Amino acid sequence: MPKTNLIMALALAGALAACDSGKMDGKETAIPGTEGYDPEKIELAKKSNCFSCHAMEKKMIGPSFKDIAAKYRGMDAAEENLVFKVARGSSGAWGSIPMPANSPPVTEADIRATVKFILSL
Ligand code: HEC
């Protein structure tokens, strides 16, 4: 489906561009909408490139972290399931845009820490 390919290409281009700009200098590039959340967790998610597609409270390329928390609240095995999906990639859970695999480069331990944070929201 050409349309899906185009959307994926745009998503990836956006991720790459965001990735580059985040590494421009060693200084903090504040992510809008992350104020008031645990700065360590925000830093980890930022380092893991999650914020090129996700925001805390607003839908971007991917669902907001708050919406993810609400969807899986109280579900057994949500953590295991989501760690696996973030690591290997996910499609069809939220819409037509898939999430590419994040591991590598992000380690499973880092993904688990961010997934725990998301589920705690
Ligand atoms: C290139 C864009 C992109 C990046 C980078 C990205 N995501 Fe996603 N993410 C998405 C999209 C799009 C979806 C919706 C996928 C779907 O519908 O199954 C998603 C879905 C998710 C979900 C819900 C999965 C489900 O099955 O409900 C979680 C949790 C998640 N992302 C966490 C993360 C974390 C943590 C990171 C950083 C390590 C990350 N994402 C990086 C685009 C991205």
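The values are calculated or read from the model by the stated rules, or taken from the named source; none is laboratory data. Because the structure is a prediction, the values reported are computed rather than measured. Positions of Cβ are backbone-derived with ideal geometry, glycine not excepted, and every protein chain shown enters the neighbour counts.
From the list C53, C19, pick out the single residue that is within 20 Å of S103 (Cβ to Cβ), within 12 Å of the ligand (Cβ to nearest atom) and either among the β-branched types (V, I, T) or modelled with pLDDT under 95 (or both). Break it down into steps so the answer makes sense when it comes.
On the way: C53 fails: either among the β-branched types (V, I, T) or modelled with pLDDT under 95 (or both).
Within the list C53, C19, the selection yields C19.
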Single match in A69, A78 (criterion: touching a Phe, Trp or Tyr at 6+ places or on another chain (Cβ under 8 Å), at pLDDT 95 or above and surrounded by 12 or more Cβ atoms within 10 Å (Cβ to Cβ)): A78
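Suppose we filter K85, K66 for residues that are assigned to a helix (DSSP H, G or I), within 14 Å of the chain's Cα centre (by Cα) and more than 7 Å from the ligand (Cβ to nearest atom); which single one remains? Give the steps one after another, and end with the answer.
On the way: K85 fails: more than 7 Å from the ligand (Cβ to nearest atom).
The conditions single out K66.
Does I61 satisfy being near the ligand (Cβ under 7 Å from one of its atoms) and assigned to a loop (DSSP other than H, G, I, E, B)?
On the way: near the ligand (Cβ under 7 Å from one of its atoms): yes; assigned to a loop (DSSP other than H, G, I, E, B): yes.
So I61 fits the description; yes.
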In region 94-109, what count of residues is obtained for those that are surrounded by 13 or more Cβ atoms within 10 Å (Cβ to Cβ) and either near the ligand (Cβ under 7 Å from one of its atoms) or part of a loop (DSSP other than H, G, I, E, B) (or both)? 10
Looking at region 88-121, which of its residues are under 19 Å from K66 (Cα atoms), within 12 Å of the chain's Cα centre (by Cα) and polar (S, T, N, Q)? S90, T114
